[in-house]
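Please read the structure below before turning to the comments.
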Amino acid sequence: KVIEGEALRKKMHNTILELKGNIRVFCRVRPLILDDDVENETKTISFPTTTEAMGRGIELLQHGQSHPFMFDKVFTPQSSQEEVFVEISQLVQSALDGYKVCIFAYGQTGSGKTHTMMGTPGSYDDKGLIPRSLEQIFEARQKLKDQGWKYEMQVSMLEIYNETIRDLLSSNKSSSTDGGNKQQYAIKHDPNGNTHVSDLTIVDVRSSKEVSYLLNRAGQSRSVGKTQMNEQSSRSHFVFTLRISGVNETLEQQVHGVLNLIDLAGSERLSKSGSTGDRLKETQAINKSLSSLSDVIFALAKKEEHVPFRNSKLTYLLQPCLGGDSKTLMVVNVSPAPSSVNESLCSLRFAARVNACEISIPRRQSMRYLEPRLSYG
Ligand code: ADP
Ligand code: MG
């Protein structure tokens, strides 16, 4: 039973969110790395320093033409994992308050999605936002315990490859290859907005250490697929889900939050003409799910009546966590390499569309930035 005070607080919070919209788009440009074409001196990305665009603007130079964009936040190659997390921690925290949260990493292969999400395993400073989020959540849980809150946490991890779900925590290896069993990993949503995926392994967790262990296990399961299935990891979506249930008997309150952290498949446009068979199918599946995702977020931002959740496995799986009063953050990762300029422009345009901004800016107005919505309050 949710008491009035809590209901009122949530309602007010929702009203504020409604005014602001609950979709945010961040952009992160990674540093140049050794693999990049560093001999080519052309600078393709710059960060405007005008008062209005500071920390939010990015300008891409392609064939001498400038493409300016503005997002809720732009991280430069100098931005640390810590600096990125500071901007996200409030959103993570709201999952403990009973909100459904989705954080996506989008971008071409090699743009820094996995670095942003996971970071370098074993390196303290380089930890990405999945380990940082978990540490924060388990720390906060400890503090809330003193206020009478009891939390239960459950983790699942899956991969969507070619519109097929693969359970990354399954101990049964044979089941992870989908032996033609149509009922396996069927997605169902109950009226309370909970998602059930049949046969998916769900693990109760009590510490961030336990989750780290599971992340390692999932990582191994992914890399096995990598060699067997043609570097599957860059062509599949990785979905980490933490379900949070909190009860406070004294206050007679309960909350049910979900935190979804998603490392999306590489967004690069693989040439359709050149690919056949499995590769063509793979390409089509990625294109379909990424464009479905932008269609869904776009429709939600525009408050359209029909939201096409069912057009892909990913959007259908996340349906209850994308609509309503849930919160979505898209981190668009961009490579600064001159050879990636076309893909970078595509990623920024995707982000701009998700941000419900105009996609193209007339040349003459190119210095006027697109206005994003306010950031999370
Ligand atoms: P993706 O997951 O998008 O394919 P990765 O996260 O694997 O890309 O990043 C590609 C390479 O760039 C990796 O070697 C990674 O360590 C490095 N990298 C990405 N982002 C950063 C960053 N912000 N700082 C330092 N190195 C980075
Ligand atoms: Mg990756």
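Quick look at the numbers
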| quantity | calculated |
| --- | --- |
| Pairs with Cβ under 9 Å, 6+ apart, first in the range 81-100 and of a type in the set (Phe, Trp, Tyr), second in a helix (DSSP H, G or I) and within 16 Å of ligand 1 (Cβ to nearest atom) | Phe85/Leu129; Phe85/Arg132 |
| Unmet requirement for Val101, which otherwise passes all of (1) at pLDDT below 95; (2) in contact with a strand residue (DSSP E or B) (Cβ under 6 Å, 6 or more places away or on another chain); (3) of a type in the set (A, V, I, L, M, F, W, C) | (1) |
| Unique residue being over 27 Å from Gly98 (Cα atoms) and either in contact with a Ser or Thr (Cβ under 7 Å, 6 or more places away or on another chain) or surrounded by fewer than 19 Cβ atoms within 10 Å (Cβ to Cβ) (or both) when the list is Leu314, Leu251, Leu280, Leu322 | Leu280 |
| Residues satisfying the stated conditions in the range 28-53, i.e. at pLDDT 90 or above, among the hydrophobic types (A, V, I, L, M, F, W, C) and more than 21 Å from Met117 (Cα to Cα) | Ile45, Phe47 |
| Some residue of the range 85-108 being among the small types (Gly, Ala, Ser) and within 16 Å of ligand 2 (Cβ to nearest atom) | yes |
| Identity of the residue in the range 134-155, free of Cβ contacts under 8 Å to residues at least 60 places away in the same chain and exposed (fewer than 13 other Cβ atoms within 10 Å of the Cβ), that ends up nearest to ligand 2 (Cβ to nearest atom) | Glu139 |
| Residue in the range 79-90 that is of a type in the set (D, E, K, R), surrounded by fewer than 16 Cβ atoms within 10 Å (Cβ to Cβ), within 14 Å of ligand 1 (Cβ to nearest atom) and at pLDDT 95 or above present | yes |
| Residue within the range 116-133 that is buried (at least 20 other Cβ atoms within 10 Å of the Cβ), at pLDDT below 95 and more than 16 Å from ligand 2 (Cβ to nearest atom) present | no |
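Here is a yes/no grid of residues against (1) among the hydroxyl-bearing types (Ser, Thr, Tyr); (2) at positive phi:
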position: Glu82; (1), (2): no, no
position: Leu91; (1), (2): no, no
position: Val101; (1), (2): no, no
position: Ala105; (1), (2): no, no
position: Thr109; (1), (2): yes, no
position: Gly119; (1), (2): no, yes
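The values are calculated or read from the model by the stated rules, or taken from the named source; none is laboratory data. All figures in this text were calculated on a predicted structure; none of them were measured in a lab. In this analysis, Cβ positions are derived from the backbone assuming ideal geometry, glycine residues included, and neighbour counts consider all displayed protein chains.
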